[in-house]
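What follows draws every value from the coordinates through simple rules; no lab data is involved. Treat the numbers as computed from the prediction; the structure is a model and nothing was measured. Cβ placement follows ideal geometry from the backbone for every residue including glycine, while neighbour counts extend to all protein chains displayed.
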């Protein structure tokens, strides 16, 4: 644990006025958040009154994320998150790994700033050309310090002065929705309804009651849904089974 060389953070302190911001870099066995496994996480955290960022790094073998999950969650949980491909890769793969390890990090309660989307909104550059524009790096290493430099350059060039402004640019390109939200809608916590397919508009409970084989099939589709979604569906299936086994509540009219 440590910090990089001292840098001027006056621009970044304003981002952290409501809560700390973490520049997050993730390395994995590949680029598919559904199948690949995390091997390295780096977080560069900045608080509103910080003189320098606080860097924390974790490394694990593929499939052994559970060994670092609690520590990663403890560092990221208080923060807004900033990263390259944050919404399309970093958040989905961390969600899957966290859930598999028995931890939950609610990404919906914080700003998710994807610097790739910011760049796409204005210029549509690759990571290498984006970094080259704002730094002297000729061979980008893709670490959290470079994310810091990239964010500073983007904010200065495009007059973006807050996490809300950055998020609005990201949403203009591609609004963020978690996999569970895409499948079951914004009310997935209270009344999850299928958003597409043959059972669109039906709740998980309705489908389980009328078409239980579909639910049983869905949770076996490794190529279709992530471990997180399968675990969510299994949990709701277990709840529905419990309801069916519960004895009916006796009322006055039944006496």
**Prompt:** Can you sort 178, 162 by how many other beta carbons sit within 10 Å, fewest first?
**Reply:** 162, 178
**Fill in**
Assertion target for 18, 88, 226, ordered by fewest C-beta neighbours within 10 angstrom first, is 18, 88, 226
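Which translational diffusion coefficient, to the nearest whole µm²/s, is obtained for the range 69-112 from the Stokes-Einstein equation, given a Kirkwood hydrodynamic radius over C-alpha pairs, 20 °C and 1.002 mPa s?
203 µm²/s
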**Fill in**
Taking Cα atoms only, helix 144-158 is inclined relative to the longest principal axis of the chain by an angle, in degrees rounded to 10, of 80 degrees
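If you take all C-alpha pairs in the range 134-234, what percent of them are over 18 Å apart?
62 percent
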**Request:** Working from Cα positions, state the angle (0 to 90°, nearest 10) between the long axis of helix 163-173 and the longest principal axis of the chain.
**Result:** 70 degrees
**Message:** Kirkwood hydrodynamic radius, the range 78-147, all distinct C-alpha pairs: what's the number in Å?
**Reply:** 13.4 Å
**Fill in**
Taking the chain and counting helices only, DSSP H stretches of n ≥ 4 at -39,500 (n - 2.57) each over all residues, the nearest-500 ellipticity at 222 nm comes to -11500 deg cm²/dmol
**Request:** First measure r as the distance between the Cβ atoms of residue 61 and residue 187, then evaluate 1/(1 + (r/R0)^6) with R0 = 22 Å and state the FRET efficiency to the nearest 0.05.
**Result:** 0.05
**Asked** For the chain, max minus min Cα coordinate along each principal axis, in Å, sorted largest first?
**Response** 77, 37, 35
**Request:** Work out how far the C-alpha atoms of the range 7-127 reach from end to end along every principal axis, then list the three figures in whole Å, largest first.
**Result:** 39, 32, 25
**Request:** Could you give the C-alpha radius of gyration of the range 179-245 expressed as a fraction of 2.2 N^0.38 Å, taking N as the number of residues it contains?
**Result:** 1.01
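Could you list 179, 52, 42 in order of exposure, starting from the residue whose Cβ has the fewest other Cβ atoms within 10 Å?
With the fewest neighbours first, 179, 52, 42 line up as 52, 179, 42.
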**Asked** Normalised by the residues of the chain, what does the relative contact order come to in percent, with Cα pairs under 8 Å and at least six apart?
**Response** 15 percent
**Asked** Any idea what angle helix 227-245 forms with the longest principal axis of the chain, computed on alpha-carbon atoms, 0 to 90 degrees, nearest 10?
**Response** 30 degrees
